[in-house]
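Following: one structure in structure tokens, then a few remarks.
The values are calculated or read from the model by the stated rules, or taken from the named source; none is laboratory data. What you see is a predicted model; the values in this text were computed from it and never measured. In this analysis, Cβ positions are derived from the backbone assuming ideal geometry, glycine residues included, and neighbour counts consider all displayed protein chains. Note: areas computed on protein heavy atoms with side chains; ligands, DNA, RNA excluded. Shrake-Rupley method; radii C 1.70, N 1.55, O 1.52, S 1.80 Å.
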Amino acid sequence: MTAAMAIVLSLVCALAHAAPPVKWRDASGVWHYGDAAPADLDRGAAAERAGDYTAAARELLDWAQRGDARAQARLAELYLEGRGVPRDERTGAEWLRRAAQAGYAAAQLRYAELLELGRGTGADPRAALQLLKSAAGQGYAPAQTRLAERLLEGRDGRPDAVAAARLFEAAAAAGDAGAQFRLGQLLLRGEGITPSVETAAEYLRAAVAQGHAGAKQELAELVFAGRVREPGPERALQLLQEAADAGLPAAQTSLGLLYLQGRRVAVDAARAARWLAAAAAAGDALAQFSLAGLYAEGKGVAADPAAAFRWYAAAAESGHARAQFELAEAYAAGRGTAPDPHTAYLWYERAARQGLASAQVRVGEALLRGLGVPADPLLAAQSYRAAAEAGHPQAQLALGLLLLNGRGVARDPALAAVWLKRAAEQGATLAQVALGILHASGNGLPRDDTQAARWYARAAQGRQPWGELLLGLAAIGGRGVVTEPVQGAGLVRRAAERGLATAQFVYARLCAEGVGMARDLDCAYRWYDLAALAGHPSAAAARDALAPQLGPEALRAARRAAREWRPADG
């Protein structure tokens, strides 16, 4: 090989590995080539950084006209924002189109956004998607992240979490903080990727190092939940505070709830209210729901039923099931708004459709009693059954009673006993009473006075007046328990003092007959009078029949005592 040939080959190799030349066109339309970015373009960027947008626009326009895609993209932003040039979205979109057509990935992503919104150009979602895919295919991390979000949401077909996770991984590896954050979330949920708390935490820490507010909140929540140890509780609280200070509504909500509940920080309802108010104003449904509760209870803020109603309504419109239930309760009771049973029913129904058992119970009550909607026992039974199957004790009680009475469903005492027992075992005292009655009567269950007395006793322990009355009568008659007239009479009196009209009537008879106590006609008259005032159908006649046996002064004292009587608390 000659020396000349060697020189030629070395030059060829050098040119093959050199950066491609920059091609540009001057004002006269003549094309030029160089091996470095034009100095004028650098001056345009410097002017933009200095805030001299007029100078920046002048320099960028020069190089945009020469075909430099970077200049075209930056100039487009100035037109879109109206900086240094009159605001002109159509011109801005046109410059982005040229830069995107030249293959500049950042411009392709930005122009795709404009096409999606129809901003400065006609809306064209299909072309937007193609540009997004082109930018992502070039390895442009922001485009990969955006495309991954679309795949995850299924905006262009069925959701594809696996493909989304791959794109997030690629963008995360390139250092995109948003992708690192989202990949961490997918790893926590095991969505499209094998779940791993530790790997998720690594990605979240990487995003935190870049200042990503969402990652700060997510990592802090992992620490508080005890799922990861690093960065430690104190630093986690600091991260959550930073995310809240940055205006992240979810972090503001979490911080507000920490102050409200006294977790990791001292209880401070006023500070909790401030953070929740900030997040609520930004549209966070949980914050709106929680803030409504503070206004309803007067915690951290002055009690304000109207404000509570407004925030419950805001959260309810966002689909928050518990807020929908509370809004319905407000309409039903007229708290913060005029009473409206029909609107209350509609909100109960919306919450019930989301599977909220307490709302399903309210729907059942409304349909059974015709509150704001025509009565329909069949639909009521269906709503109660849905809540009962979800384990709601009051629904189990209601369904058991419907089955016992054949209302809205075929009468089935045995099945009624099954549902009543489930409610009774969860502490529903009225279900315990009903189960005791079934045992005592042999209706749907084998007759068993001992079991009946046991269920009455459990209800009485829960201060259920019917349980106290029936256990007292069982003790007086020795049914299922040892005969104890004095204790039995005491239990009946406890039920009477709680305002149960039937117990008041029974206790009056015990006084009149001297069962479990010395015969006391004054006592009998007073309790008959109280039972009559409470609406017992036989009490007034029994009282009036007893009156001739008492003197005028005794009658006046008994009547005065009845008028001044108040039921016992609890």
From most to least accessible, 1.4 Å probe, no ligand or DNA/RNA atoms counted, Leu356, Leu371 line up as Leu371, Leu356
Counting only protein heavy atoms and rolling a 1.4 Å probe, one gets per residue an accessible area for the chain in Å² of 49
Taking N as the number of residues in the range 90-152, the ratio of its alpha carbon radius of gyration to 2.2 N^0.38 Å works out to 1.00
Going residue by residue through the range 218-225, the Karplus relation 6.51 cos²θ - 1.76 cosθ + 1.60 with θ = phi - 60° gives ³J(HN,Hα) values, rounded to whole Hz and with x marking Gly or Pro, of 4, 5, 4, 5, 5, 5, 4, 7
For the Glu234, Ala127 Cβ pair and Förster radius 45 Å, calculated FRET efficiency rounded to 0.05 is 0.35
Computed on Cα atoms, Rg of the range 264-343 relative to 2.2 N^0.38 Å comes out at 1.07
In whole percent, the fraction of accessible protein surface over the chain that belongs to carbon or sulfur atoms, probe radius 1.4 Å, stands at 52
Once phi for every residue in the range 401-416 is put through the Karplus expression 6.51 cos²θ - 1.76 cosθ + 1.60 (θ = phi - 60°), the whole-Hz ³J(HN,Hα) values, with Gly and Pro written as x, are 5, 5, 5, 5, 9, x, 10, x, 8, 5, 5, 8, x, 5, 5, 4
Whole-Å distance linking the alpha carbon centroid of the range 501-522 with that of the range 541-570 is 12
Sequence order, the range 489-502: Karplus ³J(HN,Hα) from phi using 6.51 cos²θ - 1.76 cosθ + 1.60, θ = phi - 60°, Hz rounded, Gly and Pro as x, gives 5, x, 5, 4, 5, 4, 5, 5, 5, 7, x, 6, 4, 4
For Tyr53 the rounded accessible area (nearest 10 Å², probe 1.4 Å, non-protein molecules ignored) is 60
With +1 at each Lys and Arg Cβ and -1 at each Asp and Glu Cβ, the charge dipole magnitude of the chain around its Cα centre, to the nearest 20 debye, comes out at 1220
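Based on the Cα atoms of the chain, what semi-axes does the equivalent ellipsoid have, where each is the square root of 5 times one gyration tensor eigenvalue, given in whole Å with the largest first?
78, 25, 22
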If the chain between Val162 and Arg563 were fully extended at 0.36 nm per residue, the gain over the current Cα-Cα distance would be 136.9 nm
For Arg90, Arg155, the accessible-area ranking with a 1.4 Å probe, largest leading, is Arg90, Arg155
The alpha-carbon center of the range 391-427 and that of the range 132-154 are separated, in whole Å, by 54
Sorted largest first, the Cα spans of the range 40-138 on the principal axes come out in Å as 37, 26, 20
For Gly82, the residues 5 or more places away or on another chain with a placed amide H closer than 5 Å to its own amide H are Asp88
At R0 = 41 Å the Cβ-Cβ FRET efficiency linking Glu198 and Glu389, nearest 0.05, sits at 0.60
Over the chain, the sum of -39500 (n - 2.57) across DSSP H runs of at least four, divided by residue number and rounded to 500 deg cm²/dmol, gives at 222 nm -22000 deg cm²/dmol
Quick calc: nm separation of the 7 Å Cα→Cβ label points for Ala410 and Asp544 -> 4.8
Under a 1.4 Å probe, counting only protein heavy atoms, Val482 has an accessible area in Å², nearest 10, of 110
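How much FRET efficiency would the formula 1/(1 + (r/R0)^6) give for Ser318 and Leu346, where r is the Cβ-Cβ distance and R0 is 25 Å, rounded to 0.05?
Plugging the Cβ-Cβ distance into 1/(1 + (r/R0)^6) gives 0.95.
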Placing +1 on each Lys and Arg Cβ and -1 on each Asp and Glu Cβ in the chain, then taking the dipole about the Cα centre, the residue among Gly247, Ala534, Gly51 whose Cα reaches farthest towards the positive end is Ala534
Order by accessible surface, 1.4 Å probe, largest leading, for residues Arg74, Arg526 comes to Arg74, Arg526
